[in-house]
Amino acid sequence: MSESSDLSGLSKIYEESGKVRISLEGKKFNKIRKYAEEHFEQFWAEQAKNLVWFKEWDKILDWRDPPFAKWFVGGKLNACVNCLDRHLTHDNNNIKNKAAIIWEGENGENRTFTYYQLYRSVNIFANALKNIGVMKDDRVTIYLPMVPELPIAMLSCARIGAIHNVVFSGFSSQALVNRINDSKSKIVITADGSYRRGKLLELKRTVDEAIADTPSVEHVVVLKRASNIVRTGSKDVWWHDIIENASQYCEPEVVDSSHPLYILYTSGTTGKPKGVVHDTGGYLCHLNATAKWVYNFRKDDIYFCTADIGWVTGHSYIVYAPLMHGVTEIMYDGTPDYPKPDRYWKIVEKHGATILHTTPTALRMYMKFGDAIPNSFDLSSLRLLGTVGEPINPDVWIWYFKTIGKENCPVIDTWWQTETGGIMISACTDIEESIPMKPGSATFPLPGIHMDIVDEKDGSSVASNRKGYLVIRKPWPGMLTTLWQNDEKYKDTYWKKYDNIYYTGDYALSDSDGYIWLLGRADDVLKIAGHRLGTMELESAFVSHKSIAEAAVTSMPDEKKGESIIAFVVLRTGFSKSDNLRKELIDYIRNVVGPIATPNEIYFVNKLPKTRSGKIMRRLLKSIANGATETGDVTTIEDGTSLEEVRQAYNEMHKNI
Ligand code: PRX
């Protein structure tokens, strides 16, 4: 692949400069990897020993009934104890009174919680939840902005053995209804409002709309965040009221290693989001180990991960991993460009961040505004830069390395998924002696992780420099244990394509040096500004509009967002295409799904390209939107004129661009 050979050239230039090397203690990497291969289970058991257990496991891994893995069978622990109590009772480093969370709101306000204060707040809120009837195994939906009360609510659930289900606060009421009903949540936790770019977002109103259709909900806990006047219904209780008389200490629930810690809904290739379930012991073991390898946390680190806790990166690498490590972290509730496109740099300078973990989308945006803005800030506190969530273009990687890291900070590109629970492919600053980095490659699988790239047709491993499906050959501790109440779908979605091998849905290739290059999704999942959305979910939102008979959604390359949403729609009789209708549909999708799903473009057509069995051929739409002159195999198309029409509609719209 020419791209890859160009890049290995680039990596050489960097090697010669002697700077783009991840150079740390000793020749540990190969040794650790070899040991992990030879003693797979033992290796992970040694990592699990770094957690706090009430009772150690009897069996490391039970894989007798694949794909249902059980890690650390018989072990008993509590996730909240691992994040908080451990720093009070095993406090050799004075973590107890160290800042856990430095929070910043978009208008610049700050709040800081020490580990002890966080521990106290969690104990009180956990008791408050118990007082309103929450018990072990109950599901609690959390629909909060990025305020400290969000991790407090999650850790409180973990403390009492309740299962949290965080819903990204940018989702609409319909998305909330689906997630509450599928999980049959007893409680919803929300806020009276939140802010985005200075505008008030009416979160409570969204919950009010949802609650009419969610019979399982007994109470809505409302946090006062925006001093917004909200309607209070019979199920509503204020956060500040329920904590008032709650006692100060809550005995942690001792749970099995396999106890579900949380459900997190994510988009797939079907219309309905999937409830990914993570256990407690395996998941925490994976996070604890990977965070150490990848970030090599130091005592005085100020770690800034810009993800939203509504997505998995926030769950794993804002809440559980850094807190288990006793790190001080920055939590920011706002957008990277508000009030000006310098916010992350301002935060790094203000709080002296040492590690910044962000997304290629944010970096592309900043890069567009030029070097003068970041150059006007003191970014010298930084020692490590990370990216996650989507492929990073080599030019953006280099900009990040040079302009932000001043050629002193390794850039780590971390690949993983909601389903994998934690990082699977990344450079490891703790365990690698010295590997040259290649801008745009996530480098190697972590030790104890068995990734492979296989042929689409027969599942055999492909030769180097050949594109194939990225798969995982062995179970790993952070893996999802199932889809909520849907074992069959779990098996079908991930493990059926190749017998008991996990199918990631991504394309990848491994170059001649064994570096892995991620090449995007191989299925109908879109990555819009790093957020995961399913084409079928969006299509069902379209057809719920009165004017739409059929819709096909795909993406086109986007300079800022990586990909942007486009839709081809067929109108019902009685409706005709117009710019007004196009605008109305764009607003409609924003409202039904949420602002992240705002379509970039809508094309009106009379027919969609389908196979003879009636399946929409999104592959063809995508290749047109990607500017391909050849659309590939069209032998199964039902009516060739539909493809011509799609092409015309697309070209018509883009002729002046
Ligand atoms: O396509 C891959 C892409 O994001 C997908 C997983 O999305 P989600 O479950 O939302 O989790 C995102 C945060 C971990 C993957 O299947 N992806 C994630 N990280 C990378 C990536 N693509 C390229 N490079 C990455 N570093």
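Which order do you get for 587, 342, 300 if you rank them by accessible area with a 1.4 Å probe, largest at the top?
Most to least solvent-accessible, the answer reads 300, 587, 342.
Could you give me the ³J(HN,Hα) list for the range 539-547, computed from phi with Karplus coefficients 6.51, -1.76, 1.60 and θ = phi - 60°, whole Hz, x at Gly and Pro?
5, 5, 5, 4, 6, 7, 7, 4, 8
Of the DSSP beta bridges with both residues in the range 484-613, give the percent that are antiparallel, rounding to the nearest 5.
Of all bridge pairs located within the range 484-613, approximately 85 percent are antiparallel.
For the range 213-332, which semi-axes, largest first and in whole Å, follow from the square roots of 5 times the eigenvalues of its Cα gyration tensor?
Calculated on Cα positions only, the semi-axes equal 29, 21, 18 Å.
Given a 1.4 Å probe and heavy atoms of the protein chains only, how would you sort 371, 558, largest accessible area at the top?
Listed by decreasing accessible area, they come as 371, 558.
With 20 Å as the cut-off, how large is the P(r) tail for the range 320-384, expressed as percent of Cα-Cα pairs?
Every Cα pair in the range 320-384 considered, those over 20 Å come to 27 percent.
Could you tell me the distance between the Cα centroids of the range 409-479 and the range 292-349, to the nearest Å?
Here the two parts' Cα centres lie 23 Å apart.
Have a look at 363, 283, 248 and report the one farthest towards the positive end of the charge dipole of the chain, computed about the Cα centre with Cβ charges (Lys/Arg +1, Asp/Glu -1).
Value computed over the given set: 248.
Please report, largest first and rounded to whole Å, the three semi-axes of the ellipsoid equivalent to the range 138-183, where each semi-axis is the square root of five times an eigenvalue of the C-alpha gyration tensor.
Whole-Å semi-axes of the equivalent ellipsoid: 18, 14, 4.
In Å, what Kirkwood hydrodynamic radius results for the range 442-485 from the alpha-carbon pair distances?
Hydrodynamic radius (Kirkwood, Cα pairs) of the range 442-485 is 12.2 Å.
Can you tell me, using C-alpha contacts under 8 Å and at least 6 residues apart, the relative contact order of the chain as a whole percent?
Once divided by the residue count of the chain, the mean separation gives 14 percent.
Can you pull the percent of Cα pairs in the range 524-654 with separation above 21 Å?
Every Cα pair in the range 524-654 considered, those over 21 Å come to 36 percent.
Go through the range 370-446 and name the GluC sites (Glu not before Pro) that are in a DSSP coil and have 14 or fewer other Cβ atoms within 10 Å of their Cβ.
Loop-located and lightly packed - 407.
Evaluated at 37 °C with a viscosity of 0.692 mPa s, what Stokes-Einstein diffusion coefficient in µm²/s does the chain have when Rh comes from the Kirkwood expression over alpha-carbon pairs?
128 µm²/s
Taking a 1.4 Å probe, which of 239, 311 shows the most accessible area, and what order do the others take after it?
Greatest to least solvent exposure: 311, 239.
Kindly report, to the nearest 10 Å², the accessible surface of residue 368 as traced by a 1.4 Å probe over protein heavy atoms only.
120 Å²
Identify the GluC sites (Glu not before Pro) of the range 508-599 meeting these criteria: DSSP loop state and at most 13 other C-beta atoms within 10 Å of the C-beta.
Hits after loop and neighbour filter: 559.
Using a 1.4 angstrom probe and counting only protein chains, how large is the accessible area of residue 338 in Å², to 10?
In the full protein context, residue 338 sits at about 60 Å².
Place a +1 charge on the Cβ of each Lys and Arg in the range 243-318 and a -1 charge on the Cβ of each Asp and Glu, then give the dipole magnitude about the Cα centre in debye, rounded to the nearest 20.
Roughly 400 debye, rounded to the nearest 20.
Provide the solvent-accessible area of residue 476, counting protein heavy atoms only and rolling a 1.4 Å probe, rounded to the nearest 10 Å².
0 Å²
Starting with the highest mean, order 143-151, 180-188 by the number of other Cβ atoms within 10 Å, averaged over the residues of each peptide.
Top to bottom by mean Cβ count within 10 Å: 143-151, 180-188.
Evaluate the relative contact order of the range 46-334 (contact order divided by residue number), counting alpha-carbon pairs under 8 angstrom at least 6 apart; express in whole percent.
24 percent
Nothing charged except the Cβ atoms of Lys and Arg (+1) and of Asp and Glu (-1): what's the magnitude of the dipole of the range 524-654 about its Cα centre? Round to the nearest 20 debye.
Charge dipole of the range 524-654: 280 debye, to the nearest 20.
So which GluC sites (Glu not before Pro) in the range 603-649 are both in a DSSP loop and have at most 13 other Cβ atoms within 10 Å of their Cβ?
630
Using alpha carbon coordinates only, what is the Rg to Rh ratio of the range 184-243, with Rh defined as the Kirkwood radius?
Rg/Rh: 0.97.
Report, in deg cm²/dmol and to the nearest 500, the calculated mean residue ellipticity at 222 nm for the chain, where each DSSP H run with n ≥ 4 adds -39500 (n - 2.57) and the sum is divided by the residue count.
-8500 deg cm²/dmol
If you line up the Cα atoms of the range 46-334 on their principal axes, what length do they span on each, largest first, in Å?
For the range 46-334, the Cα extents along the three principal axes come out at 51, 44, 39 Å.
Residue farthest toward the positive end of the dipole of the chain, with Cβ of Lys/Arg at +1 and Asp/Glu at -1: which of 232, 352, 296?
With unit charges placed on the Cβ atoms, the residue in question is 232.
What is the ratio of the Cα radius of gyration of the range 68-164 to 2.2 N^0.38 Å, where N is its residue count, to two decimals?
1.19
Could you give the Stokes-Einstein D for the range 515-570 in µm² per second, using the C-alpha Kirkwood radius, 10 °C, 1.306 mPa s?
Reported coefficient: 130 µm²/s.
The values are calculated or read from the model by the stated rules, or taken from the named source; none is laboratory data. Since the structure is predicted, the reported quantities are computational estimates derived from the model, not experimental observations. Because the Cβ atoms are built from the backbone with ideal geometry, glycine has one as well, and the counts that use them run over all protein chains shown. To get the accessible areas, we keep the full protein, side chains included, count just its heavy atoms, and leave off ligands, DNA and RNA. Shrake-Rupley method; radii C 1.70, N 1.55, O 1.52, S 1.80 Å.
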